[in-house]
Amino acid sequence: IMLDANLRAVGQDYYNVTGLAVSPNNELLAFTEDVVGRRIYTIRFKNLKTGNMLADEIAGVDPGVAWANDDKTIFYTAKNPTTLLSEKIKRHTLGTPVTQNVVVYQELDTSFYLGVGRSKSGKYVIVSNSSTLVDDYHILSADTPNREFTPFTPREKNMKYSISHVGDTFYVRTNWKAENFRLMRVDASKTAKENWREGIP
């Protein structure tokens, strides 16, 4: 048992834990808790080897974090405390004050939902933006967490797509020139749309 939610819920009128993410070295657990019921979460960390909780706590966030490959840097989605919209992706280094956390991406269009995750390959941290008719992604090598995110391809009206990373390739499922979607592939070093090549029509 990595985390006993029943024990952590003792004494709370409401309790929800979600967004569990284990560090690449399998030694640390990041998780998000809500004890109010407004879907405003706090990130906490547990050392899985000792069972001890770390001192780091980050309040006012959406569920989930994305670990960098250094096992000490995480990316998370911060909420606007007034509107409760997810507006910013921030970077935190374990053991440092929350006041030193850095904004690495900010979404100015309130019609987009914002989030951050880690590719299944473990090679990339991915910022995702999604609205009714548009998807947009920014990527960063998980080996270099202090560098800047780069756009996967420029944001385009009425273009929906999703991305998955394997080896040296991103696979892209998109409705671009394909009303019922098609599967494209692109070199991970040149991800702009003009480089996409069709795999499955």
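The values are calculated or read from the model by the stated rules, or taken from the named source; none is laboratory data. Fair warning: this is a prediction, and the values are worked out from it, not measured in the lab. Neighbour counts are summed over all protein chains in view; Cβ atoms, including those assigned to glycine, are modelled from backbone coordinates with ideal geometry. Note: areas computed on protein heavy atoms with side chains; ligands, DNA, RNA excluded. Shrake-Rupley method; radii C 1.70, N 1.55, O 1.52, S 1.80 Å.
Pairing each residue of region 168-191 that is closer than 21 Å to residue 149 by Cβ and in contact (Cβ under 8 Å) with a residue 12 or more places away in the chain with any residue that is acidic (Asp, Glu) and not in a strand (DSSP E or B), provided the two are 6+ apart or on different chains, yields C-beta distances under 7 Å for 187/168; 188/168. Once region 137-162 is narrowed to residues that are under 23 Å from residue 200 (Cβ atoms) and assigned to a strand (DSSP E or B), the residue that is most open to solvent (accessible area, probe 1.4 Å) is 162. If the condition is being under 21 Å from residue 73 (Cβ atoms) and free of Cβ contacts under 8 Å to residues at least 60 places away in the same chain, then region 125-139 contributes 125, 127, 128, 137, 138, 139.
Of all residues in region 163-184, none satisfies being buried (at least 19 other Cβ atoms within 10 Å of the Cβ) and outside any strand (DSSP E or B). Checking each residue in region 31-61 for being modelled with pLDDT of 95 or more and charged (D, E, K, R) picks out 33, 34, 44, 46, 49, 56, 57.
Each residue in region 132-151 was checked for being over 15 Å from the mean Cα position of the chain (by Cα) and under 18 Å from residue 67 (Cβ atoms), and 4 pass. In region 1-16, the residues that are part of a helix (DSSP H, G or I) form Cβ pairs under 8 Å with partners that are surrounded by 10 or more Cβ atoms within 10 Å (Cβ to Cβ), at six or more places apart or across chains, as follows: 5/15; 5/17; 8/15; 8/17; 8/33. Take the residues in region 1-36 that are on the phi > 0 side of the Ramachandran plot and under 22 Å from the mean Cα position of the chain (by Cα); name whichever of them is most open to solvent (accessible area, probe 1.4 Å). Looking at the filtered set, the residue picked out is 26.
Can you say whether residue 82 is of a type in the set (Ser, Thr, Tyr), without any contact (Cβ under 8 Å) to a residue 12 or more places away in the chain and over 30 Å from residue 135 (Cα atoms), as far as the supplied structure shows? Walk me through it before giving the result.
Values: of a type in the set (Ser, Thr, Tyr): yes; without any contact (Cβ under 8 Å) to a residue 12 or more places away in the chain: yes; over 30 Å from residue 135 (Cα atoms): no.
When the stated conditions are applied, residue 82 does not pass them.
For region 96-124, residues that are open to solvent by 50 Å² or more (accessible area, probe 1.4 Å), of a type in the set (Val, Ile, Thr) and in a loop (DSSP other than H, G, I, E, B) total 1.
Per-residue answers, yes or no, for (1) among the hydrophobic types (A, V, I, L, M, F, W, C); (2) open to solvent by 10 Å² or more (accessible area, probe 1.4 Å); (3) part of a strand (DSSP E or B); (4) out of contact with any Asp or Glu (no Cβ under 8 Å at 6 or more places or on another chain):
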| residue | (1), (2), (3), (4) |
| --- | --- |
| 42 | no, yes, yes, no |
| 46 | no, yes, yes, yes |
| 49 | no, yes, no, no |
| 55 | yes, yes, yes, yes |
| 60 | no, yes, yes, yes |
| 65 | yes, yes, yes, yes |
| 77 | no, no, yes, no |
| 81 | no, yes, no, yes |
| 84 | yes, yes, no, yes |
